[in-house]
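Here's the structure we're looking at; comments come further down.
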């Protein structure tokens, strides 16, 4: 129902700059996830959109209307807080009805909308309870219900699952995904530091670092075409292996020499003048496999194995003391510590980044991206 | 949640013992005052309140009937009767004839008065005075006796202090001072505390610092300037300078720094998300204060109400300075003080007045104390 446009949004507390000019276009009905490490400004960005923090400079438009100085309640947004922020002295019904009562809606309208929201979230039989008599998951549902009742144009979630235990987190994540499906026109913005939530829920992910947008894209874009080293290492678990290398031959495909001796052919175009440049070479642990043919990307002694059952994480000593190469192999691959292992990867899954950490554009998309 | 489970047996025993000791130390004097205030005034003098449930023994003096009531019987002149006369009989345990030895003879014994005169006093107070010659004179024989009276409890003392001694009037005066002097600062402080905790405006930190500074100003310092101000205002408007309004405002001023400090600390501790959530719901600052912060602050409001109420109720100094000392404005503490001077020996008056005075603080404390322990915030934020 509402597009969001952010233009050069800056936020400072005195001399401390939290956001350094965020530009973002969010389409109506999109599910956007802000993700980034602690202190990257993702919550602050969400709170400026909500109107809980003033914008130092820049423009924020919701549905084409400049809302920089519009109070939170007039922006057509609803927010779900990490700590639920339920009013402890009010029943579930009153919690959900509070906003409408303040707005002076009629009793019958309040009743209708609260009952409807309670129905969606299976809270009907708890309407008379106080928050303290409910479990964490139920409280979170009440918080979501309170947001639904407001009938917002934009739904804001501030790490809504952080306080739930692992099992409940998965269940609630699926509930949120279903909720989004049932409200296709509502724009949702979701802040999390958990990349699993980001990958599973988002239409598009916004990766933030130190108050700047690192990359915006669909989860698969970010995974397969990380724009820079930070995104490459932030998305995916375990993080992508990054090894220093130099370009031997630039062109439509690039030959590189990996520090440590081995060479690789990467199907990524590099400008002709890049030959000889120092670069970073990246490959994801799950893209590495035990070498069977002639090509070998890395060779090293197995330093340590973390057996997770379904898969095992193998740490290969490739001559860099503090940075072993992580290889994710099927759990049933027979391996022993101390054994020398040769691994290679599909060339389409290899990444190279220039000295500033920006990735070179890939010529052909990896087959799995389709 | 802290439970006693983690502590050693000895530690728990120690805690219970300490609690018990405190309860006893606190309860016994109060009980003493209550019991004394309900006793007969003669019995208060005769025995301590801890003896009040057993009969008290007191020594009395009396005079037997005059010789004119003697009758001649079997050649002896006899005076018979009961030493209590028409009064209700008590139990006599001993009697005597000299004030130096008031319990020389046990009851039933026959005392020899010399010249063949004998006196026998029985436990029920009946006596037989016999003499071989006729009694002369107009005054009866002086007699001392120890009698025990059954415990007697009465509300007479309360009737006396409330209606004749002026405690009733002072009680109402005290309430007139205390109730507004408690409510006014709470109302002002709650608004101020919310603003200082949750609203952003320039100079906020300075105001908070000033208020904390005011906490350490002794109120004695302000008495004279304040009284001068009142006198000036009174002169200007032609009204009396010592009024209830004056003392309400004085107590409000003295109570406000602490009230704002206490309430602000509590309100600032409420989860920020609650206020933000309410703002997103469209609530104004006033609505947030009224519908969210005030209900959640009830425990601290109750705590402060108890503090302020007790302080004002027990205050003597401020009342002496800002109120007249005639009956219409004399508060309980001042009245008690006056009674100590004028009726210092009358324990029944003092204990009763004292108990009337502590009744209200007790009632206030017991009616509000549950809010001290109530966890009103449970369930609002994570964990619960």
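Which one is farthest from the other protein chains (Cβ to nearest Cβ), of the residues in segment B:275-287 that are within 13 Å of residue A:101 (Cβ to Cβ) and crowded, with 20+ Cβ neighbours inside 10 Å?
Only one residue fits best here, namely B:278.
Checking residue B:314 against (1) away from chain A (no Cβ under 11 Å); (2) surrounded by fewer than 21 Cβ atoms within 10 Å (Cβ to Cβ); (3) modelled with pLDDT of 90 or more; (4) within 30 Å of residue A:162 (Cβ to Cβ): exactly one of these is not met. Which one?
All conditions pass for residue B:314, except number (4).
Do the conditions hold for residue B:194, that is, is it assigned to a helix (DSSP H, G or I) and more than 34 Å from the chain's Cα centre (by Cα)?
So residue B:194 passes the test.
When segment A:262-283 is examined, which residues are found to be part of a loop (DSSP other than H, G, I, E, B) and either modelled with pLDDT under 80 or under 14 Å from residue A:342 (Cβ atoms) (or both)?
Passing the criteria: only A:262.
Tell me, which strands (runs of 3 or more DSSP E) lie completely within segment B:87-137 with 3 or more residues that are surrounded by fewer than 14 Cβ atoms within 10 Å (Cβ to Cβ)?
Output list reads B:110-114.
Any residue that is touching a helix residue (DSSP H, G or I) at 6+ places or on another chain (Cβ under 8 Å), in the same structural domain as residue B:207 (by TED's automatic domain parsing) and closer than 12 Å to residue B:181 by Cα - is there at least one of those in segment B:228-244?
yes
Considering A:201, A:168, A:156, A:161, which residue is at pLDDT below 90 and crowded, with 20+ Cβ neighbours inside 10 Å?
A:161
Please work out if residue B:381 is surrounded by 12 or more Cβ atoms within 10 Å (Cβ to Cβ), over 21 Å from residue B:161 (Cα atoms) and at pLDDT 85 or above.
no
If I ask for residues that are surrounded by 14 or more Cβ atoms within 10 Å (Cβ to Cβ) and farther than 17 Å from residue B:309 by Cα, which ones from segment B:221-245 would you list?
B:222, B:223, B:226, B:227, B:230, B:234, B:241, B:242, B:243
With A:42, A:74, A:11, A:61 as the choices, which residue is surrounded by 19 or more Cβ atoms within 10 Å (Cβ to Cβ) and out of contact with any helix residue (DSSP H, G or I) (no Cβ under 9 Å at 6 or more places or on another chain)?
Sole residue among the options that is surrounded by 19 or more Cβ atoms within 10 Å (Cβ to Cβ) and out of contact with any helix residue (DSSP H, G or I) (no Cβ under 9 Å at 6 or more places or on another chain): A:42.
Which residue, of A:79, A:90, is within 14 Å of chain B (Cβ to nearest Cβ) and surrounded by 20 or more Cβ atoms within 10 Å (Cβ to Cβ)?
Answer to the check: A:79.
Identify all residues within segment A:117-139 that are over 24 Å from residue A:167 (Cβ atoms) and either surrounded by 15 or more Cβ atoms within 10 Å (Cβ to Cβ) or in contact (Cβ under 8 Å) with a residue 12 or more places away in the chain (or both); write none if there are none.
A:117, A:127, A:128, A:130, listed by residue number.
Every residue in segment A:281-290 that is out of contact with any helix residue (DSSP H, G or I) (no Cβ under 6 Å at 6 or more places or on another chain) and either over 19 Å from residue A:259 (Cα atoms) or in contact (Cβ under 8 Å) with a residue 60 or more places away in the chain (or both), please.
A:281, A:283, A:284, A:286, A:289, A:290
Can you go through A:132, A:74 and tell me which one is more than 30 Å from residue A:55 (Cβ to Cβ) and either touching a strand residue (DSSP E or B) at 6+ places or on another chain (Cβ under 7 Å) or facing chain B (nearest Cβ under 9 Å) (or both)?
Going through A:132, A:74 in turn, just one is more than 30 Å from residue A:55 (Cβ to Cβ) and either touching a strand residue (DSSP E or B) at 6+ places or on another chain (Cβ under 7 Å) or facing chain B (nearest Cβ under 9 Å) (or both): A:132.
I need a count of the residues in segment A:192-236 that are under 18 Å from residue A:19 (Cβ atoms), part of a helix (DSSP H, G or I) and without any contact (Cβ under 8 Å) to a residue 24 or more places away in the chain.
Residues meeting the conditions: 0.
Could you list, in sequence order, all residues of segment A:148-162 that are within 12 Å of chain B (Cβ to nearest Cβ) and either farther than 18 Å from residue A:201 by Cα or within 18 Å of the chain's Cα centre (by Cα) (or both)?
A:149, A:150, A:152, A:155, A:156, A:158, A:159, A:160, A:161, A:162
Which members of segment B:288-301 meet the condition of being within 37 Å of the chain's Cα centre (by Cα) and at the interface with chain A (Cβ under 7 Å from one of its Cβ atoms)?
Answer for segment B:288-301, where residues must be within 37 Å of the chain's Cα centre (by Cα) and at the interface with chain A (Cβ under 7 Å from one of its Cβ atoms): B:295, B:296.
State whether one or more residues within segment A:11-20 are under 27 Å from residue A:179 (Cα atoms) and in the same structural domain as residue A:188 (by TED's automatic domain parsing).
no
Quick check: anything in segment B:254-262 buried (at least 16 other Cβ atoms within 10 Å of the Cβ), closer than 30 Å to residue A:158 by Cβ and in the same structural domain as residue B:192 (by TED's automatic domain parsing)?
No, there is no match, as no residue in segment B:254-262 is buried (at least 16 other Cβ atoms within 10 Å of the Cβ), closer than 30 Å to residue A:158 by Cβ and in the same structural domain as residue B:192 (by TED's automatic domain parsing).
On the basis of being at pLDDT 90 or above, within 23 Å of residue A:222 (Cα to Cα), within 29 Å of the chain's Cα centre (by Cα) and not assigned by TED's automatic domain parsing to the domain that holds residue A:226, does residue A:286 make the cut?
yes
Quick one: which of A:86, A:46 is in contact (Cβ under 8 Å) with a residue 60 or more places away in the chain, outside any strand (DSSP E or B) and over 30 Å from residue A:214 (Cα atoms)?
A:86
Go through B:106, B:61 for me and flag whichever is touching a residue at least 60 places away in the same chain (Cβ under 8 Å) and either more than 48 Å from the chain's Cα centre (by Cα) or within 24 Å of residue B:149 (Cα to Cα) (or both).
Just a single option satisfies the conditions, and that option is B:61.
Which residues, counting only those in segment A:317-346, are more than 27 Å from the chain's Cα centre (by Cα), under 13 Å from residue A:304 (Cα atoms) and outside any loop (DSSP other than H, G, I, E, B)?
If the condition is that a residue be more than 27 Å from the chain's Cα centre (by Cα), under 13 Å from residue A:304 (Cα atoms) and outside any loop (DSSP other than H, G, I, E, B), then A:317, A:340, A:341 are the ones that fit.
When only residues in segment A:236-261 that are surrounded by 14 or more Cβ atoms within 10 Å (Cβ to Cβ) and at pLDDT below 80 count, which is farthest from residue A:199 (Cα to Cα)?
Of everything passing the filter in segment A:236-261, A:260 is farthest from residue A:199 (Cα to Cα).
Looking at (1) touching a helix residue (DSSP H, G or I) at 6+ places or on another chain (Cβ under 6 Å); (2) surrounded by fewer than 21 Cβ atoms within 10 Å (Cβ to Cβ); (3) more than 14 Å from chain A (Cβ to nearest Cβ), can you tell me which one residue B:324 breaks?
Going through (1) touching a helix residue (DSSP H, G or I) at 6+ places or on another chain (Cβ under 6 Å); (2) surrounded by fewer than 21 Cβ atoms within 10 Å (Cβ to Cβ); (3) more than 14 Å from chain A (Cβ to nearest Cβ) one by one, residue B:324 breaks only (1).
The values are calculated or read from the model by the stated rules, or taken from the named source; none is laboratory data. These numbers were taken from a predicted model, which means no experiment stands behind them. Ideal geometry is used to build each Cβ from the backbone, glycine not excepted, and the neighbour counts take in all protein chains shown.
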